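Novice: Take a look at this one; I'll ask things after.
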Amino acid sequence: MRLSLIASAVLATMTLTGVAWAQTEVITARREGLRAMGAHMEAMKAIADARGNPAPTIERIDAMTAFYSTFPTRFPAGSDVPQGTNPGQTRALRVIWTENAGFVQANSNLLTQLAALRVAATSGDPAAFAPAFQQTGAACGACHRTYRAR
């Protein structure tokens, strides 16, 4: 009897440790992906500001679209460890989990804007690309204001 209690306790500890480790991996992957998205935006900003040829941004826009197409799934239950509590910290606010429909809609708005940005980039017209880029930045910012801690 005593041995089965010890075995159960060990199994429960291993399970909880595995869940915590898995959530840390989810958070880390999410953060790395978001850093890459920021790098794409910075590179495109330089082109928009210089009024340069936007055609080279198409690959970046496609990468962002691919990432954000699965973005809401990158927030599974339990991956809301507050910033500063451990290495798997996140700046995601609890509202992502408590009011998920709004988060999913904000992501959908961003995907719509990325599609418009791609059309502008494909046109090769810097005058069309710059405002589309600004609107994409606004869509990113709208999500940050509601769903991300500063």
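Novice: Suppose a student asked you for the relative contact order of the stretch 49-150, using Cα pairs under 8 Å spaced at least 6 residues apart; what percent would you report?
Specialist: 39 percent
Novice: Ok, one more. Could you work out how far apart the two model spin labels at Q89 and Q135 are, taking each label as a point 7 Å from the Cα in the direction of the beta carbon, and quote it in nm?
Specialist: My value for the distance between the label points is 3.7 nm.
Rule-based calculations on the coordinates, nothing more; no lab input. Just so you know, these numbers come straight off a predicted model, no measurement behind them. Glycine gets a Cβ as well: all are built from the backbone with ideal geometry, and neighbour counts include every protein chain shown.
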